[in-house]
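Worksheet for the structure shown next.
The values are calculated or read from the model by the stated rules, or taken from the named source; none is laboratory data. Please read all numbers here as calculations on a predicted model, not as lab measurements. Backbone-built Cβ (ideal geometry, glycine too); neighbour counts: all protein chains shown. What goes into the accessible areas is simple: the full protein's heavy atoms, side chains included, and nothing from ligands, DNA or RNA. Shrake-Rupley method; radii C 1.70, N 1.55, O 1.52, S 1.80 Å.
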Amino acid sequence: MTNKKITVRIQRFNPDTDQKPYLQDFEVELAQGMTILDALHLIKEDLDGSVTFRRSCRHAICGSCAMNVNGQNMLVCETPLREKIDKNGQITIRPLPYLPIIKDLVVDRSSFWAQYQRVKPWLIPPDNVPEKEFRMSAEEVAALNDAEHCIMCGACYSACQVIALNKQYIGPHALLKAFLRVLDPRDADPRARLDDLDKGDGVYRCHTIFNCIDACPKGLNPTKAIETLRKLAMKRQAFEAARKERQKTLDKPVN
Amino acid sequence: MYKSTGFISFVLRRFTGVALVLYLFMHIWVIGGANSGAETFNDRMEFLGSPLFRIAEIGLLAAVIYHAFDGIRLLIVHYFDVTEYRKSLFYAAFVVSVILTIAGGLPILLHALEG
Ligand code: HEM
Ligand code: SF4
Ligand code: FES
């Protein structure tokens, strides 16, 4: 049996020669077990070497291959090609929306990383770092809601309509990271973090559109993180006091 | 454009919110007519009594109802952990709004057609 031919439509844009982006069709044979990234590689290697895209790990962990496929953001390295072919035998691949295009499927993520830096994504350790290890309870870990699984792919950020209108907004990825640090019992300065998130570009800028949840390839929930941060920001003084108390026993086993 | 039910709800919310603000200006203009005496007020009321404005009133009703139920939907999301049901909540708010708009809009329409 010969393999079915499908049409891969890729949005092309070369800033040196093109006025605006356009779609280009490529015919590809649909092979067993092929991912969308496999199709892109096939096109680049056999049909047109100038097709430009980012990828690294091919294992859904580096976050560099997030693109917009048939209108949804996803990691192309983990998505089977077969799943995304429409009834006309077509699949349309565009760069992540709402971000400046560098070339073809590669976008400029500067604002994404700038907002990430803004929330100080690292852990601020307490003065009394335990000699052996930090002890957290199962509840404390569960409350983090898997936020540490984020791979910084930008799918949520570029799906967010608030980001589309306002690049000053911190954005779902960085707010999720801030949530991870604020809720971490080891973090020594949740108060300063909440002070910053409470500002105009912070948690109240979210319009609860939910595109971040729909877009996240890791099934994470930035909206819920933002709702939690809003509530904590309102009682940050009490929260800070509770954290100080908690940090006195970070080296002791809990429950 | 990132299309999703969330996007539709955001556009509808903004559209109805701005429409309501614009309506408010007109509303103040009509009611404010009373300051200039009964005649002005009656003139302005009559202007709004035309069939065209009757029909536009159905649009106003739709905007108020949808905006209010969308607001309630958002309050529910803010106070309860229900992001999992985000699509169902949107559909619920939308369908309830459509039903109430028909229930309230039909009498207005019939009245407008009677003249
Ligand atoms: C029935 C009572 C109402 C409720 C429950 C309600 C609720 C809401 C909520 C929850 C938002 C969303 C804020 C956000 O995007 O995060 C909103 C936005 C808005 N509302 Fe209302 N509202 C009501 C009546 C009104 C009225 C009477 C007006 C006009 C005079 C109005 C004008 C607006 C405007 C302009 C926006 C901003 C839309 C946007 O930013 O996209 N609302 N409302
Ligand atoms: S929250 Fe999800 S979509 Fe957003 S950057 Fe992290 S992994 Fe990507
Ligand atoms: S190539 Fe690394 S996440 Fe897809």
Evaluate segment B:61-72: report whether one residue or more is free of Cβ contacts under 8 Å to residues at least 12 places away in the same chain and either within 16 Å of ligand 3 (Cβ to nearest atom) or β-branched (Val, Ile, Thr) (or both). no
I'd like the full set of residues that are open to solvent by 40 Å² or more (accessible area, probe 1.4 Å) and over 26 Å from the mean Cα position of the chain (by Cα), limited to segment A:1-14. A:Met1, A:Thr2, A:Asn3, A:Lys4, A:Lys5
Log entry, pairs with first residue in segment A:61-78 being closer than 18 Å to A:Pro100 by Cβ, second being near ligand 3 (Cβ under 6 Å from one of its atoms), beta carbons closer than 6 Å, six or more apart or on different chains, reads A:Ser64/A:Arg55; A:Ser64/A:Ser56; A:Ala66/A:Leu75
Criterion: under 17 Å from the mean Cα position of the chain (by Cα) and open to solvent by 40 Å² or more (accessible area, probe 1.4 Å) - qualifying residue of B:Phe94, B:Phe90, B:Phe47: B:Phe94
Of all residues making up segment A:238-250, the number that are loosely packed, with under 14 Cβ neighbours inside 10 Å and not hydroxyl-bearing (Ser, Thr, Tyr): 6
Regarding segment A:46-60, can at least one residue be identified that is in contact with a Gly (Cβ under 9 Å, 6 or more places away or on another chain), within 16 Å of ligand 3 (Cβ to nearest atom) and under 25 Å from A:Ala174 (Cα atoms)? yes
Any chance segment B:20-35 includes a residue that's touching a residue at least 40 places away in the same chain (Cβ under 8 Å) and closer than 26 Å to B:Ala112 by Cβ? yes
For segment A:109-146 the number of residues that are loosely packed, with under 12 Cβ neighbours inside 10 Å, under 24 Å from A:Lys218 (Cα atoms) and acidic (Asp, Glu) is 1
Considering only residues that are assigned to a strand (DSSP E or B) and of a type in the set (A, V, I, L, M), look in segment A:15-47 and name the one that is nearest to the chain's Cα centre (by Cα). A:Leu23
Say whether the condition of being in contact with an Asp or Glu (Cβ under 6 Å, 6 or more places away or on another chain) and outside any helix (DSSP H, G or I) is met by at least one residue in segment A:142-151. no
Among the helices (runs of 4 or more DSSP H) contained in segment A:153-255, which hold 2 or more residues that are within 16 Å of ligand 3 (Cβ to nearest atom) and within 18 Å of A:Gln117 (Cα to Cα)? A:155-159
Quick check: anything in segment A:96-107 touching a Leu at 6+ places or on another chain (Cβ under 8 Å), open to solvent by 20 Å² or more (accessible area, probe 1.4 Å) and among the hydroxyl-bearing types (Ser, Thr, Tyr)? no
Looking at (1) buried (at least 18 other Cβ atoms within 10 Å of the Cβ); (2) within 14 Å of chain A (Cβ to nearest Cβ); (3) at pLDDT below 95, which is the one condition that is false for B:Arg13? (3)
Which pairs turn up if I take residues in segment A:198-219 that are more than 7 Å from chain B (Cβ to nearest Cβ) and look for partners that are of a type in the set (Ser, Thr, Tyr) with beta carbon separation below 6 Å, at least 6 apart in sequence or on another chain? A:Asp201/A:Tyr169; A:Arg205/A:Tyr169
When residues of segment A:48-106 are limited to those that are within 16 Å of ligand 2 (Cβ to nearest atom) and outside any loop (DSSP other than H, G, I, E, B), the one farthest from the other protein chains (Cβ to nearest Cβ): A:Leu75
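Yes or no, residue by residue, for (1) in contact with a helix residue (DSSP H, G or I) (Cβ under 7 Å, 6 or more places away or on another chain); (2) closer than 24 Å to A:Ile61 by Cα; (3) in the same structural domain as A:Met74 (by TED's automatic domain parsing):
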position: A:Leu194; (1), (2), (3): yes, no, no
position: A:Val203; (1), (2), (3): yes, no, no
position: A:His207; (1), (2), (3): yes, no, no
position: A:Ile213; (1), (2), (3): yes, yes, no
position: A:Gly219; (1), (2), (3): no, yes, no
position: A:Glu227; (1), (2), (3): yes, no, no
position: A:Met234; (1), (2), (3): no, no, no
position: A:Gln237; (1), (2), (3): no, no, no
Residue identified as out of contact with any Phe, Trp or Tyr (no Cβ under 9 Å at 6 or more places or on another chain), open to solvent by 50 Å² or more (accessible area, probe 1.4 Å) and of a type outside the set (A, V, I, L, M) among A:Lys87, A:Lys20, A:Lys44: A:Lys87
Report yes if B:Phe25 is within 14 Å of chain A (Cβ to nearest Cβ), closer than 30 Å to A:Gln161 by Cα and within 16 Å of ligand 1 (Cβ to nearest atom), otherwise no. no
